Amino acid sequence: MEKVKGTIIKGIGGFYYVKAADKTIECKARGIFRKENITPLVGDSVLVKLNTDENGVIEEIYPRKNSLIRPPVSNISQVAVVFATENPRPNMLIIDKFIAACEESSLDILICINKTDLQSGNEYAEIYQNAGFDVLSLSATTGLNIELLKEKLKNKITVFAGNSGVGKSSLLNSVLGEEIFQTGEVSEKVERGKHTTRHSELLPLPFGGYIIDTPGFSSFDIAKIDFPELHLYFREFGNIDKSCKFPDCSHTVEKGCAVLEAVKNGEISPTRHENYVHLYNELKNIKKW
């Protein structure tokens, strides 16, 4: 039977939809993957054996360039971390936790600050620009910098990740030029959005590239990071921690620590450092058990 190469663009209920040339093939995965504890991911490059009914079976998953567990996707060019200036207010600890997980996976990161029509969000833009990130201030409502966002997405596979209610789906609709994604209202009582995305799906962009919308994130497992290595995933520490006079410095409380001095001097954001200390202690406590 004919075999074709393609890319998994969607997975629902044990079925995988593989884009191959100009058609999409509904597939099941070989049972051997389950026995070997391998789960096909959206973004995987695969080899499919076609059946007579034009459905197929995934026979081989080619080596992945990278992958994430949450959201479960692979072969990503970049992650667009989306948060809103208001409604809901940004939880900087969760954002920095996710960024650290992306950094540990060597993923390029694009910071997207949405709802700047409600509040400018300049203070957040400054924090992440100073830390060395590519930052876009956006508004799905007014269209601010949507064309610039398209340029950043062109010919790349981009995961859009962000808490529910931050306007992620609205941004994606603006990029695509049509209402593909259902948008959810934000509860005034809890300032948390209703989940409007139930699965990861890879969608082609009309100007080249793909986007992956994912269910809203609220927590991330960074337990695989050893706490003494966490500083490697806060990029603004960079050369500063190399100049620290303590070779095994935690950069949390030590007198004379170069990183703490940089925080005091305004070279490193106090908010970013506070979140680093929180995550450092969280990881340290995990290792005790």
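The values are calculated or read from the model by the stated rules, or taken from the named source; none is laboratory data. All of these numbers come straight from a predicted model, not from anything done at the bench. All Cβ positions, even for glycine, are placed from backbone atoms using ideal geometry, and neighbour counts span all protein chains on display. SASA here: full protein model, heavy atoms, side chains in, ligands and nucleic acids out. Shrake-Rupley method; radii C 1.70, N 1.55, O 1.52, S 1.80 Å.
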Residue satisfying all of: in the range 72-100; open to solvent by less than 30 Å² (accessible area, probe 1.4 Å) and in contact with an Asp or Glu (Cβ under 8 Å, 6 or more places away or on another chain); farthest from residue 159 (Cα to Cα) among these: 88
Check on residue 98, over 14 Å from the mean Cα position of the chain (by Cα), in contact (Cβ under 8 Å) with a residue 24 or more places away in the chain and assigned to a helix (DSSP H, G or I): no
From the options 217, 207, residue that is surrounded by fewer than 20 Cβ atoms within 10 Å (Cβ to Cβ) and modelled with pLDDT under 90: 217
Matching residues, the range 228-248, being at pLDDT 90 or above and open to solvent by 70 Å² or more (accessible area, probe 1.4 Å): 228, 229, 232, 235
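Just the residues that are over 17 Å from residue 98 (Cβ atoms) and assigned to a helix (DSSP H, G or I), please, taken from the range 260-272.
260, 261, 262, 263, 264, 270
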Residues of the range 117-176 classified as outside any loop (DSSP other than H, G, I, E, B), under 16 Å from the mean Cα position of the chain (by Cα) and of a type in the set (A, V, I, L, M), total: 9
